[in-house]
Amino acid sequence: MKDLWLVCLLLILNLIAALIYLVFHLRRGNRKKGLVVFAFMLAAPVVGPLFLGCAELLLTIVHQRRKRDVDLTELSFNKKRVRVLSSADIEKEANRVPIEEALLVSGKSNKRGAFIDLLKEDDYEASMQVIRNAVEDDDMEISHYAAAFVTDTVARYKDQEASYRRLAQENPTPENLTRYLDFMQDILQQKLFSTSEQRLYAEFLDDFAHMLYEKDPSALQEKTMACMVELWRQLGNEQKAEEWIGIARPRCMDSLDAFKLCAKYYYSLQKKDAFFRLIDEVKKSSLILDSEALDWIRFYM
């Protein structure tokens, strides 16, 4: 009787372990693997889970001891590092494929190699969204590298922001204000910060942009106005966005970028009167239009 009770207990524990394993893999999207292993553990109770546990332990040990071509201590995320191109590097550059495609290949070593090459690039900012997405990659090594890289990048951006902000506050010349604006508007558009941090930096950017506008209106670029409108709309502050549209609106007869900014804003909010009034004014002005703006006027007029 005691033996029967022990067998039942082992079978119940085996079933619980199999269910946990199945749920774990279903949540990670590995439905096929989860079902196969679940069936194996039911078909080979006790022995199956022990075998799988030993296999996972062995793989972990091998993974930790394995010599990697690149590890986190070898990665330098500082742009000051010197890069020497050998003939093999040049051949690699010539055969480069888009990182989005490289991360879809089946071989783990190929994916990892392509991703590490991306992290070593000087112009990695252009692929920051891909790197952020890689934090959720199924490959734990790629996910680990991506998370470490994003953390390092955010910390470095914060240090640079504090330095530029201190300089702009202590000596608010148009040059220092412009330097801060140019740096932060590019960073904020990458959406690396939390919502609260994004809002805080948007406020800093807003204050310095207003300060520059008061000192020298011509020094404030339309791209900064467009950035402010986009940031405040993303943060749900339409009043702030409308404020910057009001600053950009007088430039529409002289600046193509200002015209496009205001036209897109009015159109997105279905402000028909303001939109058609702007189109009519620009049509009568001497503003030089590109093909896109000409198409707008032809279509809506």
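The values are calculated or read from the model by the stated rules, or taken from the named source; none is laboratory data. This structure is a prediction, so every number in the text was calculated from the model and none was measured. Cβ atoms come from the backbone with ideal geometry, glycine included; neighbour counts cover every protein chain shown. Protein only, heavy atoms only, side chains kept; ligands, DNA and RNA dropped before computing areas. Shrake-Rupley method; radii C 1.70, N 1.55, O 1.52, S 1.80 Å.
As an exercise: evaluate residue 239 against (1) part of a helix (DSSP H, G or I); (2) open to solvent by less than 80 Å² (accessible area, probe 1.4 Å) and give the number of the one condition it does not meet.
In the conditions (1) part of a helix (DSSP H, G or I); (2) open to solvent by less than 80 Å² (accessible area, probe 1.4 Å), residue 239 misses (2) alone.
Residue by residue through segment 260-271, note down the ones that are assigned to a helix (DSSP H, G or I) and closer than 17 Å to residue 238 by Cα.
261, 262, 263, 264, 265, 266, 267, 268
Of the conditions (1) in contact with a helix residue (DSSP H, G or I) (Cβ under 6 Å, 6 or more places away or on another chain); (2) in contact (Cβ under 8 Å) with a residue 12 or more places away in the chain; (3) of a type in the set (Phe, Trp, Tyr); (4) farther than 30 Å from residue 149 by Cα, residue 267 clears all except one; give me its number.
Unmet condition: (2).
Filter the helices (runs of 4 or more DSSP H) completely within segment 81-181 down to those with at least 3 residues that are open to solvent by less than 30 Å² (accessible area, probe 1.4 Å) and modelled with pLDDT of 60 or more.
Correct list: 108-120, 128-134, 140-170.
Would you check if residue 244 is among the aromatic types (Phe, Trp, Tyr), closer than 29 Å to residue 131 by Cα and open to solvent by less than 40 Å² (accessible area, probe 1.4 Å)?
no
Which one is nearest to the chain's Cα centre (by Cα) among residues in segment 218-227 that are open to solvent by less than 60 Å² (accessible area, probe 1.4 Å) and free of Cβ contacts under 8 Å to residues at least 40 places away in the same chain?
Result: 226.
Restricting attention to segment 260-269, which residues are buried (at least 21 other Cβ atoms within 10 Å of the Cβ) and either over 28 Å from the mean Cα position of the chain (by Cα) or among the hydroxyl-bearing types (Ser, Thr, Tyr) (or both)?
265, the sole residue that qualifies.
What do you reckon, is residue 193 outside any helix (DSSP H, G or I) and not basic (Lys, Arg)?
Taking the combined requirement at face value, the residue satisfies it.
Yes or no, residue by residue, for (1) more than 23 Å from residue 159 (Cα to Cα); (2) not basic (Lys, Arg):
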| position | (1), (2) |
| --- | --- |
| 184 | no, yes |
| 203 | no, yes |
| 218 | yes, yes |
| 224 | no, yes |
| 232 | yes, yes |
| 249 | yes, no |
| 255 | yes, yes |
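Answer with yes or no whether residue 244 is at pLDDT 95 or above and in a helix (DSSP H, G or I).
Yes: the conditions hold for residue 244.
Would you pick out the residues in segment 41-56 that are open to solvent by 70 Å² or more (accessible area, probe 1.4 Å) and modelled with pLDDT under 75?
47, 51, 56
Would you pick out the residues in segment 270-301 that are of a type in the set (A, V, I, L, M, F, W, C) and open to solvent by less than 60 Å² (accessible area, probe 1.4 Å)?
Those that are of a type in the set (A, V, I, L, M, F, W, C) and open to solvent by less than 60 Å² (accessible area, probe 1.4 Å): 274, 275, 278, 279, 282, 287, 289, 293, 296, 297.
Can you pull out every residue in segment 247-259 that is open to solvent by 20 Å² or more (accessible area, probe 1.4 Å), more than 29 Å from residue 200 (Cβ to Cβ) and assigned to a helix (DSSP H, G or I)?
250, 256
Looking at the structure I just gave you, is residue 187 crowded, with 16+ Cβ neighbours inside 10 Å, closer than 30 Å to residue 217 by Cβ and within 14 Å of the chain's Cα centre (by Cα)?
So residue 187 passes the test.
Return the pair list, or none, for Cβ contacts closer than 7 Å from residues in segment 276-301 that are of a type in the set (A, V, I, L, M) and at pLDDT 85 or above to residues that are open to solvent by 90 Å² or more (accessible area, probe 1.4 Å) and not in a helix (DSSP H, G or I), at least 6 apart or on different chains.
Short answer, once both residue conditions are applied: 279/301; 287/254.
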